[in-house]
1. Based solely on its DSSP helices, what 222 nm [θ] is calculated for the chain when runs of n ≥ 4 H residues each add -39,500 (n - 2.57) and the sum is averaged over all residues, nearest 500 deg cm²/dmol?
2. Distance from the Cα centre of the stretch 164-189 to that of the stretch 366-414, in angstrom?
3. Sort D373, D380, D320 so the one with the fewest other Cβ atoms within 10 Å of its own Cβ comes first.
4. Along each of the three principal axes of the Cα atoms of the chain, give the extent in whole Å, ordering the values from largest to smallest.
5. What do you get for GluC sites (Glu not before Pro) in the stretch 36-79 restricted to DSSP loop and a cutoff of at most 13 other Cβ within 10 Å of the site's Cβ?
6. Modelling each spin label as a point 7 Å along the Cα-to-Cβ direction, I'd like the S410/D378 distance in nm, to one decimal.
7. Suppose R0 equals 25 Å. What FRET efficiency, 1/(1 + (r/R0)^6) with r the Cβ-Cβ distance, do S396 and S38 give to the nearest 0.05?
8. So if each residue of separation counts as 0.36 nm, and I subtract the Cα-Cα distance between Y84 and D166, what length gain in nm does that give?
Amino acid sequence: MTKQTLWIRGGSVCDVAAGTSGPADVLITDGMITEVGSDVSAPEHAEQIDATGKFVVPGLIDSHVHVSAGTANLGAQAEDSPFYVAAQTSRILGAMLRRGFTTVRDVGGADFGIAAAVAQRLWEGPRVFFGGKALSPTGGHADMRGPGRQVLDNHTCCPNIGHVCDGVPEVRRAARHQLRTGADHVKVMLSGGVASPTDRIDSLQFSADEIRAVVEEAGNAGRYVTGHAYTAAAVNRGLELGVRCIEHGNLIDESSVDLFNSTGSFLVPTLVTYSYLKSEGAEAGLPPESQAKVSIVLDAGLEALDLANSGGVKIAFGTDLLGAMHPHQSEEFTIRAQVQTPTEVLRSATLTGAELIGAEGRLGVIAPGAHGDVLVADADPLTDATVLADPQAHLSAVIKAGRIVPAATSPSEF
């Protein structure tokens, strides 16, 4: 059987670890990178991309997405048909891939079925690392009931982003349910959030014993716990209890930076979402009670990123967009460039993201043995981070597992 081979020739390959770009060809065979260098010998049948004058970039990793969030009103979406939500998910995934995100980490909503649909190419999209439903206490960030609603539906088939559970036995069982489906991580709500209707941003969620129970169950399964948290109190508490990654962290302080470094934990800021929750949230379906909470975290986000970056924290790239705001995903590059160097921004979306999901050497890098996830750009993102902020203008090819992704037929597909 003839091997499927793609030869990307004449381009300048971005070495994110070194922060430099240099001329090299890339050969991808049966979905994996097999050769990188100046002396690549491609077979006659190889498909070719002439990248002369262009830059060959590792496929991007967005470490905080909600691929099934077709609306910003997550409480209302729980009433939708799962088939309707699936149709929205397919569209969201396809657009993410065309923006250059060849891998995503879903932290609330996606399940094994979504990951399988992409892996089996039933849907066009990035490979999905999923955590299933995020765990929340009653009244916590994934409890989407308004104050007047009493009924709670935790059934797996319902399109909720979370599972409400209270007490150590319930929390253990909920974590085991996510892990039994093959979840790559378990997410817990450590503090209040914007999209939830009844909690405060500065609230602490779950008891210490409940958090320890989830950490133990994830560790027993060879997985890890990631935690939604904004304030330094919530972040620090989670890190001290064994949570390996923090989502958002807009209100951290110096003590948080010390804890990140001493524990080797990761931070995934999601700055673009707050800008658009402020300007477009109402139109996208964000309820009024959630709109009122956006300003609390909006202004502090960039300062927190600067603090963590200056302190040497391991920072991954995340966006956390919902509903009609998904098309703004790539603009996170522009926001981060205000306080990070281009190399630091690209590293967060490649090497650090790969380390977070346990795929070092296989994702986020152009090297033999890695998946054939490659972008061809008209400028060097190692010298200008904003190149990747406008994929429609600057990406001439998106390649996932050695296959050229079909181009968008209209701007609405980005």
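None of the figures in this text is laboratory data; all of them are computed from the coordinates on show. Keep in mind it's a predicted model, so treat the numbers as computed, not measured. Positions of Cβ are backbone-derived with ideal geometry, glycine not excepted, and every protein chain shown enters the neighbour counts.
1. -8500 deg cm²/dmol
2. A separation of 35 Å, based on Cα centres.
3. The most exposed by this proxy come first: D380, D320, D373.
4. Principal axes ranked by extent give 66, 45, 43 Å for the Cα atoms.
5. Within the stretch 36-79, the qualifying GluC sites (Glu not before Pro) (loop, at most 13 other Cβ atoms within 10 Å) are E44, E79.
6. Taking the two extended label points, one gets 2.3 nm.
7. Plugging the Cβ-Cβ distance into 1/(1 + (r/R0)^6) gives 0.70.
8. 26.5 nm
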